[in-house]
Structure formats: C-alpha cells, structure tokens
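Q: Sharing a structure, written as structure tokens. Questions coming.
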C-alpha cells in the first residue's frame, strides 16, 4: 500500500509539473524574445535620431560615435548614400539569420542597421528558464521524500492492524488493538475486536467441550446401559420384554463407541491442529517482551539465556499457546519480586524443557498466573512444575525430531 501511494502521488506531482512547466517554459521564452526584439527596435530608433541630427549639422559619422550606442553582443552599421559602410561591434562573419535585426532610414539618405546576436537571446532565454527548471527539479526530488513520509503515516495503521490480525490468527486473542483516527482503520480495528472476542469464546467453548464431553456423554450412556441390563434381569420382567431390552444394548454400544471415537478425534485434533513450533525463538521472544515491554504498563524484567541450543527444539504446540504460557510464568516471576530470570533450555526424547530460575528477594505471590500457565500447558499435553519458586515448563516434542541438546 505504501509503495502504491508513493507511486501515485509522485506520478501526480510529476504530471502537474510537466503540464505547468512545459507551457510556462514556451511562454517565458517567447516573452524574453519579444522583449529583446522590442529593446533592439527601441535602440535602433534612438540611434537613428542621433545619427540624423549629426548628419544634419554636417558632422561625419564615425566608428567612435557609433560605439556610443553599441551594447553587448550587438553590431551597428551605417550605409551612406554613396554606398560606404561604417560598422562597429560584432564582425560580419558572426551574422546569423536568427539574429534580431532593426533597420531605420536616416535623414539626408543612408540607412542604420542594428543587429543583436541570437546567441545573446538564447542565453537570456536560458537565464529566464533556469529558475523554472530548478523549481521543477526541486519538486521532483523533494516530493518523493514528502510522499514517503505521508504514505508512511497513512499506511501505518493498516500495517499495525495486519500485524494484529496475524497475532490473532496465531491464537493471541487478548492482543490489544489500539484506536486509530483514520475512519477506515478504526472500522477494521472494531471488526478485529469483535472477531477476536468471538474466537476466544469459541475456543473456550471448544476446550470446555473437550474437557467435559467425556463425563457429560459417556457417563450417562454407561449408566443407561447398566440400568437396561438390570431391568432385563429382573424376575418381574417378562421374557419378551427382557429380550427387547437386550436388543437395545448393541445400539448403546455403537453410540458409546461413536462418542469415544469423536472425543478421541477432537482430542487429537486439538493437540495437532497447529504446526510444529521451534521452542528456542519463542522463548527468546518472550524474554525480549518482558525485558523491554512495548506498552510501558509494567516494569521490565531482566532475563538471560544460560546457553542457547545449537539446533532447533520443535515441540507440538502452537506459537501463541507457548507464548502465553511463558507470559504467565514471567508475570509470576515479576509478581514475586524477581530481579533476574535465568532461562535454561533443554530437552529429552519426549519433552522440550524451559526452566526459569529466579534470582533476588523472591517472595510468595498469588497463584493466578501459575494456575493459568498450568491449565494451558495441560491443554497441549504438557505440564508446569514449580519447585522452590523456580518454574519448569515441559512440552511434548514433535514426532520425528531429534533432541537439540541434552
């Protein structure tokens, strides 16, 4: 979006400069040439009057006298009645058909010719056009820089919303979405807030179903089967009724098997519906988030990685889930008054391990963060253990992965 805005705005400015500058340049060149032509004719009129007066009083027209009327890049020539020519200024060899020429008759005979060089006219046209050219170049150079800043400002809310949408897609449904003064961006932000709230509720319901469906569905089915068997075995039950009741048992068994298969499928899908994530960058990202909080609503929590594994440490969990578990553990460490967290990464054949060793005057704190971390870890078939205030997160290794470092 930013590049398109810059391209459109720069093209617009270049088009405006071209549409205004080119006609303006032609008009300005014509004005300069007309001014030079008028000035040449005016000079010829003045020189003709002076020469006519000199001839009238009987004085000779000399080169020194003509030189008094001579200006830059000009030539003056007087043709006497007897055909003799007196010329000053530019030599005859420099005459060009494009020169400005003004001819005036003299009193008593003869002719005055004033010629202004075309090179001088071109030079003055160029001097007149230079400011226009410089202004056009300045606009063409400066406008892209200004457009970059403007496009950056216009596209920033949408790029932020794209990042928020990406994090929500990864499962961070509590991602804060700030308000924007751009109406279109604010509309998108409102839609993302509503969608994230609905998705969070759907995920909560899915977890509740997965956690409670076994008890809510299989237990009544098993109880109903036992009651039917008991009813069929009563002495008071007629044989034909008992046989009919026994015929219901295979259907209940089929229903129980279908429920079991469905719950197993939901459980396996819930554990494997995300790509395998490398534990190392997720841990490093959590350390950076808590060391320099971007929102500034909490103090930073210094942390250090004891030794980074040489290879990847893939675990079977989503990046969002692991990040939220680590956030809960770091929040618990902050609530305990920890001054430094030493993070250790390791793994076994079955689990990836993240150990948070707390340093400082560690004090007891509430269990909300630890409880939330443990609950989320259980949802991905992992667990959290806290011994002497130090937290350890175990997550199932992805199938087919080799341990990065014991």
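Q: Condition test on residue 124, is it under 60 Å from the mean Cα position of the chain (by Cα), part of a helix (DSSP H, G or I) and either surrounded by 14 or more Cβ atoms within 10 Å (Cβ to Cβ) or modelled with pLDDT of 85 or more (or both)?
A: In short, yes.
Q: Any idea which of (1) surrounded by 14 or more Cβ atoms within 10 Å (Cβ to Cβ); (2) under 29 Å from residue 26 (Cα atoms) is the one residue 193 doesn't satisfy?
A: (2) is the only condition that residue 193 fails.
Q: A further question follows. If we scan segment 67-86, do we find a residue that is in contact (Cβ under 8 Å) with a residue 60 or more places away in the chain and in contact with a helix residue (DSSP H, G or I) (Cβ under 6 Å, 6 or more places away or on another chain)?
A: No, segment 67-86 contains no residue that is in contact (Cβ under 8 Å) with a residue 60 or more places away in the chain and in contact with a helix residue (DSSP H, G or I) (Cβ under 6 Å, 6 or more places away or on another chain).
Q: Still on this structure: For residue 338, work out the one condition from (1) modelled with pLDDT of 85 or more; (2) closer than 18 Å to residue 284 by Cβ; (3) in a loop (DSSP other than H, G, I, E, B) it doesn't fulfil.
A: So residue 338 meets the others, but not (2).
Q: Go through (1) touching a strand residue (DSSP E or B) at 6+ places or on another chain (Cβ under 7 Å); (2) free of Cβ contacts under 8 Å to residues at least 12 places away in the same chain for residue 346 and report which single condition fails.
A: Of (1) touching a strand residue (DSSP E or B) at 6+ places or on another chain (Cβ under 7 Å); (2) free of Cβ contacts under 8 Å to residues at least 12 places away in the same chain, only one is false for residue 346: (2).
Q: Considering only segment 349-364, state which residues are in contact with a strand residue (DSSP E or B) (Cβ under 7 Å, 6 or more places away or on another chain) and within 19 Å of residue 389 (Cβ to Cβ).
A: 353, 354, 355, 356, 357, 358, 359, 360, listed by residue number.
Q: Do we find that residue 364 is over 28 Å from residue 200 (Cα atoms) and buried (at least 16 other Cβ atoms within 10 Å of the Cβ) in this structure?
A: So residue 364 does not fit the description; no.
Q: Among the residues of segment 167-190 satisfying the criterion of being within 23 Å of residue 318 (Cβ to Cβ) and surrounded by 15 or more Cβ atoms within 10 Å (Cβ to Cβ), which is modelled with the highest pLDDT?
A: So, considering only residues that are within 23 Å of residue 318 (Cβ to Cβ) and surrounded by 15 or more Cβ atoms within 10 Å (Cβ to Cβ), the one modelled with the highest pLDDT is 177.
Q: Across segment 47-66, what is the number of residues that are free of Cβ contacts under 8 Å to residues at least 60 places away in the same chain and closer than 19 Å to residue 90 by Cβ?
A: 6
Q: In this structure, does residue 286 turn out to be in the same structural domain as residue 360 (by TED's automatic domain parsing) and either assigned to a loop (DSSP other than H, G, I, E, B) or modelled with pLDDT under 85 (or both)?
A: Judged against the criteria, residue 286 is not a match.
Q: Restricting to segment 359-380, what's the tally of residues that are part of a strand (DSSP E or B) and within 38 Å of the chain's Cα centre (by Cα)?
A: Residues flagged as part of a strand (DSSP E or B) and within 38 Å of the chain's Cα centre (by Cα) within segment 359-380 amount to 0.
The values are calculated or read from the model by the stated rules, or taken from the named source; none is laboratory data. Bear in mind that the values here come from a model prediction, so they are computed numbers and not experimental data. Quick reminder, even Gly has a Cβ in these numbers, built from the backbone with ideal geometry, and neighbours come from all protein chains shown.
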